[in-house]
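Reading through the structure tokens given below for one structure.
No lab work stands behind these numbers, since they all come straight from the coordinates. Nothing here was measured: the structure is a model prediction, and the numbers come from that model. Neighbour counts are summed over all protein chains in view; Cβ atoms, including those assigned to glycine, are modelled from backbone coordinates with ideal geometry.
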Amino acid sequence: MVNANTQLYKKATTFEKCPTYIADPLTVTISPDPFVLGKPNTFTISGKLSADINNQTVVEISFADKFESLLEPMSTSPVCTQCPISAGSQFSTVATVNVPASLPDIYSVMIEITDRLNQPPKLLGCAYYISTSTTITTSASSSVPTKTASGYPTAATSGSEKIER
């Protein structure tokens, strides 16, 4: 019998500012963390937007695969029940979303605050999370995700593989 002293540590789900959008950053926490497949998950979204939040401002939450194909229909809910909220004011909203029953090794979660009063709708705030497959390593090699200058994760084992977008 081999005594392998391998531990798997739970890493908090950390949402990042969207890399290519002109939008204000959002702070996102989830509960439970990590996601529970096929179950409701609570997203708490907060921040300060540079535009007013009105009764047509919504939070959109989507799960997508590495090819950006939606895994479930996008969840949409109002940001506020007592609108408007002035630009520059701190806001917080909570949305409960069902997590897909199965997720691929590589998937993303997009959180977008959109003003639908404008036509076309205007993106006001954004955050994202990209999950890569979990690997338990017992040797000196590592497959911990790292970021390139473009902001997209790569596998540290080769240093050059970019997640397909």
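Some observations on this one:
- Computed lengthening from S102 to T132, 0.36 nm per intervening residue step minus Cα-Cα distance: 9.4 nm
- The slack between C83 and A12, meaning 0.36 nm per residue of separation minus the straight C-alpha distance, is 22.4 nm.
- Per DSSP, loop chymotrypsin sites (Phe, Trp or Tyr not before Pro) in the stretch 60-126 with at most 14 further Cβ within 10 Å: F67
- Estimated inter-spin distance, T29 and Q90, nm [label 7 Å along Cα→Cβ]: 1.2 nm
- Amide hydrogen proximity for L71: with H placed 1.01 Å from N in the peptide plane, the residues at 5 or more positions away or on another chain lying under 5 Å are F63, A64, D65.
- For the cross-link pairs K39/K122; K17/K66; K17/K39; K11/K122, the ones whose C-alpha atoms lie over 21 Å apart are K39/K122; K17/K39; K11/K122.
- Burial order of peptide ranges 26-34, 75-83, 49-57 (average beta-carbon count within 10 Å, highest first): 49-57, 26-34, 75-83
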